[in-house]
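To start, the structure itself, in structure tokens.
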Amino acid sequence: MKFILRILVTAIAVAAAVWLVPGIEVAATTETWVCVGVLALFLSLLDVSLKPVLQVLSLPVSVLTLGIFYLVVNTFVLYVASWMANGLFNVGFEIASFGSAFVASIVISIVSSIVGAITGAND
């Protein structure tokens with residue numbers, strides 16, 4: 001049940017990023033909510049599996065940058081989730097540039113933290 005709530009929180013955060021960040025778009029050929037849901041599923045799965053490994057591997061760089069390198073890890077995870085969602089389900093989620101993905105990862109982190117705190121998904 002907690003994982004489903006986490007996916008819903010991530011879906012809200014991804015929708016906010018699509019709405020707020022220029023360069024993060026959903027193709028007009030797909031339904032926006034389907035794209036957001038599929039991407040949220042893959043982001044949630046990668047946050048549980050791949051992201052902890054990447055954080056441990058990037059620990060020395062993150063210590064040197066006082067934790068800011070974790071934003072690059074989040075951006076990479078967003079790229080991988082986009083690649084998986086587009087490759088497996090052809091949802092039409094498009095990232096224009098690294099800058100757009102970087103800002104989107106910040107928006108997704110902030111919104112998911114706020115919504116997760118409100119809903120109790122972060123407990």
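The values are calculated or read from the model by the stated rules, or taken from the named source; none is laboratory data. Note that the coordinates shown come from a computational prediction; the quantities given were computed from them, not determined experimentally. For neighbour counting, all protein chains shown are included, and Cβ atoms are generated from backbone atoms with ideal geometry for every residue, glycine included. Accessible surface areas use protein heavy atoms only, side chains included; no ligands, DNA or RNA. Shrake-Rupley method; radii C 1.70, N 1.55, O 1.52, S 1.80 Å.
For region 73-99, filtering for residues that are assigned to a helix (DSSP H, G or I), crowded, with 16+ Cβ neighbours inside 10 Å and among the aromatic types (Phe, Trp, Tyr) leaves 2. Inclusion of Val63 among residues that are surrounded by fewer than 16 Cβ atoms within 10 Å (Cβ to Cβ), closer than 12 Å to Phe93 by Cβ and out of contact with any strand residue (DSSP E or B) (no Cβ under 8 Å at 6 or more places or on another chain) is not warranted. Looking across Leu8, Leu43, one residue alone is farther than 10 Å from Ile108 by Cβ and touching a helix residue (DSSP H, G or I) at 6+ places or on another chain (Cβ under 9 Å). It is Leu8.
How about region 1-33: which of its residues are β-branched (Val, Ile, Thr) and assigned to a helix (DSSP H, G or I)? If the condition is that a residue be β-branched (Val, Ile, Thr) and assigned to a helix (DSSP H, G or I), then Ile4, Ile7, Val9, Thr10, Ile12, Val14, Val18, Thr32 are the ones that fit. When region 100-123 is filtered for residues that are open to solvent by 40 Å² or more (accessible area, probe 1.4 Å) and within 17 Å of Val26 (Cβ to Cβ), only Val103 remains. A count restricted to region 22-60 and to residues that are among the β-branched types (Val, Ile, Thr) and open to solvent by less than 20 Å² (accessible area, probe 1.4 Å) stands at 2. In the set Ala81, Ala117, Ala85, only one residue is touching a Cys at 6+ places or on another chain (Cβ under 8 Å) and at pLDDT 90 or above; that residue is Ala85. On the given criteria, is Ile12 closer than 24 Å to Ala121 by Cβ, open to solvent by 20 Å² or more (accessible area, probe 1.4 Å) and touching a residue at least 24 places away in the same chain (Cβ under 8 Å)? Here the answer is yes, as Ile12 does meet what is asked.
Here is a yes/no grid of residues against (1) assigned to a helix (DSSP H, G or I); (2) more than 17 Å from Ile7 (Cα to Cα); (3) in contact with a Leu (Cβ under 8 Å, 6 or more places away or on another chain):
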site	(1), (2), (3)
Cys35	yes, no, no
Ala40	yes, no, yes
Leu46	yes, no, no
Leu50	yes, no, no
Ser62	yes, yes, no
Leu71	yes, yes, no
